[in-house]
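As structure tokens, the structure follows; a few thoughts come after it.
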Amino acid sequence: MNEPMVRVREFHKRYGETVAAKDISFEVQRGEIFALLGPNGSGKTTTLESLEGLRRPDGGSLRIGDIDPARQPRRLRNLIGVQLQTSALPGAMTVEEAMRFFCAYHGVPARDDLVERLGLAEKRRTQYGQLSVGQQRRLSLAIAVAHDPAVIFLDEPTAGLDVQSRVDLHALVRGLRDKGATVILASHDMAEVEKLADRAAILLRGEIAAVGSPRQLTAAGDRRTRISVSTQEGSLLVRQVKMPFAEVQAPKDGYAMYLSAEPGRAVAAILAWLDQAGDALLDLRVERPTLEERFLEITSSQTGKGAQP
């Protein structure tokens with residue numbers, strides 16, 4: 001993965017007095033899943049739509065392979081696949097008709113295998129307007145990838161999907177990546193990004209605030225580990241006991257909570273204290289900071305607002 005498939009250099013876009021993107025630069029390698037994260041108004045939708053050829057940049061350059069999205073839309077259409085956050089087909093169009101129509105547009109055979117893989121086989125003759133929200137989302141994904149595009153844009157791909165459908169979609173996306181496709185993912189689901197993305201960029205107010213793998217992003221923040229302890233007698237909760245090598249936090253859901261930069265020593269101290277107190281351990285959890293926590297840390301530090309629990 002050393003050949004950039006997507007290149008964004010000093011991308012600038014404004015709407016009147018509002019700057020939506022300010023000198024954004026990043027590259028996405030061939031065969032990489034890259035996530036764009038950010039709160040509403042951060043510039044990620046503007047960036048995605050410009051890469052998809054729906055908007056023209058006011059400055060900088062965008063490339064998908066060797067294609068300029070704004071200037072070469074005909075070459076672009078077969079190179080990319082797009083699943084929008086909100087989209088709709090004619091209400092009377094069936095799943096089967098939709099697949100055949102879009103495959104014909106791209107000049108490829110209908111992909112019945114995708115219809116089946118995404119759990120829509122029994123809905124082949126069902127009209128779009130009669131599908132559930134989750135089924136509509138699965139159909140839009142099937143249409144987006146039916147022509148085996150080199151670059152796939154997914155905007156909130158699992159919104160409205162049940163757990164099994166999310167698992168199936170994640171497997172499909174990984175399979176596309178393994179075959180060499182480049183995937184650009186926009187999602188508010190940080191757990192999903194941690195599972196899927198090779199790298200991610202966090203956008204704030206039209207600028208990139210951080211970029212790296214999910215592990216790199218979380219490691220760059222508060223490095224302390226969270227320790228959650230549940231005991232039979234709840235002695236740690238009653239006394240709000242302070243421990244060496246750890247900072248006590250407010251209890252949560254019946255667990256005593258600690259943060260520690262030395263979790264091994266902190267856990268040993270907690271267990272020793274419980275043994276002396278004669279209180280039996282029910283559950284012990286040692287967890288590194290999540291991408292969601294790191295995201296809130298970055299956004300709160302740059303907006304001046306405290307992170308929400």
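Values quoted throughout were computed directly from the atomic coordinates according to the rules given, and no laboratory measurement underlies them. This is a predicted model, so every value here is computed, not measured. Cβ placement follows ideal geometry from the backbone for every residue including glycine, while neighbour counts extend to all protein chains displayed.
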Can you find, among T126, Q216, A250, the residue farthest towards the positive end of the dipole of the chain? Put +1 on the C-beta of Lys and Arg, -1 on that of Asp and Glu. T126
Can you give the FRET efficiency for K252 and Q216, using 1/(1 + (r/R0)^6), R0 = 25 Å, r = Cβ-Cβ distance, to the nearest 0.05? 0.35
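Place a +1 charge on the Cβ of each Lys and Arg in segment 225-288 and a -1 charge on the Cβ of each Asp and Glu, then give the dipole magnitude about the Cα centre in debye, rounded to the nearest 20.
So the magnitude is around 200 debye.
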Restricting to the chain, compute how many DSSP beta bridges are antiparallel as a %, nearest 5. 65
Around R137: net Lys/Arg minus Asp/Glu count, Cβ-Cβ under 15 Å: -2
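I need the shape label for segment 26-107. Rule: rounded when a/c is under 1.5, else prolate if a/b > b/c, else oblate, with a, b, c from the alpha carbon gyration tensor. Mind dumping the intermediate values first?
Numbers: a/c = 1.99, a/b = 1.50, b/c = 1.33.
Verdict is prolate for segment 26-107.
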Spin-label proximity, R166 to segment 178-199 - amide N less than 15 Å from point 7 Å beyond Cα toward beta carbon: 187-197
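If I take R0 = 45 Å and measure r between the Cβ atoms of H188 and A277 in this structure, what FRET efficiency does the formula 1/(1 + (r/R0)^6) give, to the nearest 0.05? Display every interim value, and only then the final one.
On the way: r = 42 Å, r/R0 = 0.94.
Rounded to the nearest 0.05, the efficiency is 0.60.
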Number of Lys-Lys pairs in segment 4-219 under 25 Å by Cα, sequence gap 8 or more or different chains? 5
Here the relative contact order (percent) of segment 4-219, from C-alpha pairs under 8 Å and at least 6 apart, is 29
Cα gyration tensor category, rounded, prolate or oblate, for segment 105-204 with a/c compared to 1.5: oblate
Between the DSSP loop rule and a limit of at most 12 other Cβ atoms within 10 Å, which trypsin sites (Lys or Arg not before Pro) in segment 194-277 are left? R223, K242
Suppose every K and R has +1 on its Cβ and every D and E has -1 on its Cβ; what is the size of the dipole of the chain about the Cα centre, in Debye to the nearest 20? 720
Which distance in Å, rounded to a whole number, links the C-alpha centroids of segment 19-36 and segment 60-128? 23
222 nm mean residue ellipticity, helices alone, for the chain (DSSP H n ≥ 4; -39,500 (n - 2.57); rounded to 500): -10000 deg cm²/dmol
Separation of the V133 and R77 label points, Cα + 7 Å toward Cβ, nm: 3.1
Give, as a single signed number, the net charge of other residues whose beta carbon lies under 10 Å from the beta carbon of V28, with Lys and Arg counted +1 and Asp and Glu -1. 0
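Suppose the chain between D68 and L284 were pulled fully straight at 0.36 nm per residue; how much longer would it get relative to their current alpha carbon spacing? Spell out each step's value before the answer.
Details: separation 216, 0.36 × 216 = 77.76 nm, distance 5.32 nm.
The span from D68 to L284 would gain 72.4 nm if fully extended.
Which shape class applies to segment 159-289: rounded if a/c is under 1.5, otherwise prolate when a/b exceeds b/c and oblate if not, where a ≥ b ≥ c are the square roots of the Cα gyration tensor eigenvalues? Before the final figure, lay out the partial values.
On the way: a/c = 2.95, a/b = 2.10, b/c = 1.41.
Verdict is prolate for segment 159-289.
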